[in-house]
1. Assuming ARG325 fulfils every condition listed in (1) among the basic types (Lys, Arg); (2) buried (at least 18 other Cβ atoms within 10 Å of the Cβ); (3) modelled with pLDDT of 95 or more apart from one, which condition is it?
2. Find the helices (runs of 4 or more DSSP H) located wholly in the stretch 46-161 whose residues include 3 or more that are touching a residue at least 60 places away in the same chain (Cβ under 8 Å) and surrounded by fewer than 21 Cβ atoms within 10 Å (Cβ to Cβ), and list them.
3. Give the stretch 278-310 a look and list any residue that's of a type in the set (D, E, K, R) and either surrounded by 20 or more Cβ atoms within 10 Å (Cβ to Cβ) or more than 18 Å from the chain's Cα centre (by Cα) (or both), or say none.
4. Evaluate the following for PRO163: is it touching a Pro at 6+ places or on another chain (Cβ under 8 Å), assigned by TED's automatic domain parsing to the domain that holds ARG308 and more than 24 Å from ALA258 (Cβ to Cβ)?
5. Of all residues in the stretch 162-177 being of a type in the set (A, V, I, L, M, F, W, C) and part of a strand (DSSP E or B), which is nearest to GLU131 (Cα to Cα)?
6. Residues in the stretch 116-155 that are under 26 Å from ASN66 (Cα atoms) and touching a strand residue (DSSP E or B) at 6+ places or on another chain (Cβ under 8 Å): how many?
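The values are calculated or read from the model by the stated rules, or taken from the named source; none is laboratory data. Computed from a prediction, not measured in an experiment: that's the story for all the values here. Cβ coordinates were reconstructed from backbone atoms using ideal geometry, including for glycine residues, and neighbour counts include every protein chain displayed.
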Amino acid sequence: MFEKVIEKTRFQSPLKGFELDEQDIEYRKDPLTEKWSRVNIQRSKRVKQGEMDFDLSELIKRSRENCFFCPEKIDISTPKFSNDLISGGRITRGETRVFPNLFPFARHHAVATITEKHFLRTGEFMQSQIENTILASQDFCKAVYAKDPAANYVTFNWNHLFPAGASIIHPHMQITLDSRPTYMTEKEMIASEDYLEKNNQSYWTDLVSEEKKLGERFIASSDGVKYLASFSPFGNNEVLIVFEDKTAFTDLDADDAANLSKGIINILKGYHELGVESFNLTTYSGPITGKASGVNLHMRIVSRSQPRSYYTSDVGFMECLHFERIVETLPEDVAKIMKKHF
């Protein structure tokens with residue numbers, strides 16, 4: 001099920017007085033989509049000129065002064081839904097506020113602020129904040145779907161800090177509903193259906209069973225949710241979250257939201273230990289209604305480069321144009337760190 005090829009590269013390294021250096025490059029194929037990624041943990045030691053010591057405090061202070069998402073400005077600076085969709089124009093649960101994205105790229109596109117605080121480090125988020133954001137996002141999804149049943153595909157997303165693509169520091173998530181799935185969601189749905197047809201068994205059930213048996217990348221199991229370090233990651237320090245009996249994001253009930261929120265907090269604690277401050281999270285969800293044979297709701301969270309004054313992106317030509325990820329963290333090592341927080 002887990003296919004990898006190890007190639008060796010040799011050169012005379014100035015870091016070793018021009019003695020011969022040999023490094024392993026692992027080419028790993030995703031068992032479902034056959035997407036390849038390349039792992040070389042030596043790359044974590046390379047010099048990144050953009051990543052010098054940088055104090056975020058001044059940037060946080062300056063961005064706080066005109067933040068649209070902070071409590072004193074959110075009501076006058078963010079858009080509202082039409083009253084026939086959401087009474088009052090916004091959704092509120094605890095600290096979470098949900099409102100339309102001012103610059104949408106989906107048929108229905110909302111923003112959900114996670115906290116009233118302008119900035120939180122990865123180890124500072126609370127379970128209740130994540131839980132309220134999940135439930136408020138579901139409120140939005142259900143309201144939209146009731147009015148527009150063609151908006152059948154949901155994504156629930158988190159870009160934390162500007163290395164992850166966030167234009168605003170204040171912690172927030174984004175929710176989209178469209179009439180068709182994203183490219184990768186569709187690819188995984190088709191592959192899951194094909195696997196079920198060929199093997200008379202869910203790919204996701206087999207994946208979890210095999211990973212649990214091997215024990216190298218399996219992190220934890222909690223009330224129908226499985227946490228794994230991905231064999232062929234989409235990014236560094238990736239954790240894959242698989243729901244045992246859920247197909248769509250809207251299938252999650254209040255207990256699921258609480259359980260998932262606790263799991264995300266545990267992952268963020270692991271990221272804090274790893275020194276990670278910026279990350280991306282997304283869902284791959286089957287349709288709200290309709291056929292989705294063999295599809296399990298799942299999520300991925302990956303770390304991004306550290307916020308710095310001169311930012312060095314971790315997405316280059318291989319990722320952007322060849323759709324192959326270059327990874328410098330070994331999934332098996334990620335699993336060891338994450339297990340301690342579950």
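1. The single condition ARG325 does not satisfy is (3).
2. Working: elements: 57-65, 74-77, 127-147.
Qualifying helices (runs of 4 or more DSSP H): 57-65, 127-147.
3. Answer for the stretch 278-310, where residues must be of a type in the set (D, E, K, R) and either surrounded by 20 or more Cβ atoms within 10 Å (Cβ to Cβ) or more than 18 Å from the chain's Cα centre (by Cα) (or both): LYS291, ARG304, ARG308.
4. yes
5. If we take residues in the stretch 162-177 being of a type in the set (A, V, I, L, M, F, W, C) and part of a strand (DSSP E or B), then MET173 is nearest to GLU131 (Cα to Cα).
6. 6
Rundown of residues vs (1) in contact with a strand residue (DSSP E or B) (Cβ under 9 Å, 6 or more places away or on another chain); (2) surrounded by 15 or more Cβ atoms within 10 Å (Cβ to Cβ), yes/no style:
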{"position": "MET173", "(1), (2)": "yes, yes"}
{"position": "MET184", "(1), (2)": "yes, yes"}
{"position": "SER192", "(1), (2)": "no, yes"}
{"position": "GLU197", "(1), (2)": "no, no"}
{"position": "ARG217", "(1), (2)": "yes, yes"}
{"position": "ASP223", "(1), (2)": "no, no"}
{"position": "PHE231", "(1), (2)": "yes, yes"}
{"position": "GLY235", "(1), (2)": "yes, yes"}
{"position": "ASN259", "(1), (2)": "yes, yes"}
